[in-house]
Amino acid sequence: MDKDYESARTLLSSVLMDIKKREQPKNVVDKWTCLDAVVMLDLAQVERQQGNVEKSQQWAETGLQETKKWKRVGACDNCQAHLLSHLAHLSESQDNVKEALGYYSLAIKHFQDTGTGNMEQMDTASRQLKQRLLESTK
């Protein structure tokens, strides 16, 4: 499906519908836990590649809320790290500096709390954005 974003969107949407139909046992962590959030991250990435920033942000924020339902679950923690990174980069690409810095801060805190994500990359991106902001106000 190289660059066939419409097919990817259709496939991922179908997978997400099937996941949502499945009943998740209350407070039971299994291989399905946070799979919906992973698919939402994929949809967010497809939408971003298509230039649909608003849809990308909506998918990422919805996925982020799903990951927050499960504390200390590796798959959810990892997905949350990717979603925060995606939202930070998306905000930065739209020149929404304050929002981007907020997401970078959340990603760094998430790493400190869970050990998931790439703290060095988020810290570097955050510092570079702060530097650009400082230089633009001179």
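Can you name the residue in segment 9-29 that is surrounded by 15 or more Cβ atoms within 10 Å (Cβ to Cβ) and in a loop (DSSP other than H, G, I, E, B) and, of all such residues, is modelled with the lowest pLDDT?
Gln24
Looking only at segment 30-47, filter to residues that are part of a loop (DSSP other than H, G, I, E, B) and open to solvent by less than 60 Å² (accessible area, probe 1.4 Å); which one of those is modelled with the highest pLDDT? First the steps, then the outcome.
We begin by selecting, within segment 30-47, every residue part of a loop (DSSP other than H, G, I, E, B); these are 30-34.
So of that shortlist, the ones also open to solvent by less than 60 Å² (accessible area, probe 1.4 Å) come out as 30, 33-34.
Values: Asp30: 74, Thr33: 81, Cys34: 87.
This residue is Cys34.
So Glu6 fits all but one of (1) touching a Leu at 6+ places or on another chain (Cβ under 7 Å); (2) modelled with pLDDT under 95; (3) open to solvent by 60 Å² or more (accessible area, probe 1.4 Å); what number is the exception?
Of (1) touching a Leu at 6+ places or on another chain (Cβ under 7 Å); (2) modelled with pLDDT under 95; (3) open to solvent by 60 Å² or more (accessible area, probe 1.4 Å), only one is false for Glu6: (1).
Out of all the residues in segment 48-68, which are closer than 19 Å to Tyr103 by Cα and in contact with a Ser or Thr (Cβ under 9 Å, 6 or more places away or on another chain)?
Scanning segment 48-68 gives Arg48, Val53, Gln57.
Please list, ordered by first then second residue, the pairs with beta carbon atoms under 7 Å, 6 or more apart or interchain, first in segment 112-138 and in a helix (DSSP H, G or I), second charged (D, E, K, R) and surrounded by 13 or more Cβ atoms within 10 Å (Cβ to Cβ).
Thr114/Asp77; Leu129/Glu92
Suppose we filter Ser91, Ser85 for residues that are in contact with a Phe, Trp or Tyr (Cβ under 7 Å, 6 or more places away or on another chain) and within 20 Å of Ile108 (Cβ to Cβ); which single one remains?
When all the criteria are applied, what remains is Ser91.
Hey, does segment 9-30 have a residue that's among the small types (Gly, Ala, Ser) and touching a Phe, Trp or Tyr at 6+ places or on another chain (Cβ under 8 Å)?
So far as segment 9-30 goes, no, none of its residues is among the small types (Gly, Ala, Ser) and touching a Phe, Trp or Tyr at 6+ places or on another chain (Cβ under 8 Å).
Which condition number does Ser56 fail, the rest of (1) closer than 30 Å to Gln128 by Cβ; (2) in contact with a Phe, Trp or Tyr (Cβ under 9 Å, 6 or more places away or on another chain) being met?
Answer for Ser56: the failing condition is (2).
I'd like to verify a number: residues in segment 57-79 that are open to solvent by 20 Å² or more (accessible area, probe 1.4 Å), touching a residue at least 24 places away in the same chain (Cβ under 8 Å) and outside any helix (DSSP H, G or I), how many?
So the count comes out to 2.
Hey, can you tell me all the residues within segment 80-98 that are under 24 Å from Leu134 (Cβ atoms), of a type outside the set (S, T, N, Q) and open to solvent by less than 60 Å² (accessible area, probe 1.4 Å)? Explain how you work it out, then say what you get.
In the first step, residues of segment 80-98 are kept if they are under 24 Å from Leu134 (Cβ atoms); the result is 84-85, 87-98.
The next check asks that each one be of a type outside the set (S, T, N, Q); those that pass are 84, 87-90, 92, 95, 97-98.
Leu84, Leu87, Ala88, His89, Leu90, Glu92, Val97 - these are the residues of segment 80-98 that are under 24 Å from Leu134 (Cβ atoms), of a type outside the set (S, T, N, Q) and open to solvent by less than 60 Å² (accessible area, probe 1.4 Å).
So which residues in segment 100-118 are under 14 Å from Ala88 (Cα atoms) and open to solvent by 60 Å² or more (accessible area, probe 1.4 Å), if there are any at all?
Ser105, Leu106, Lys109, Asn118
The values are calculated or read from the model by the stated rules, or taken from the named source; none is laboratory data. Predicted, not measured: the structure shown is a model, and the values here were computed from it. Heads up, the Cβs are rebuilt from the backbone with ideal geometry, glycines too, and the neighbour counts pull from every protein chain shown. Areas reflect the complete protein model, heavy atoms only, side chains present, ligands, DNA and RNA absent. Shrake-Rupley method; radii C 1.70, N 1.55, O 1.52, S 1.80 Å.
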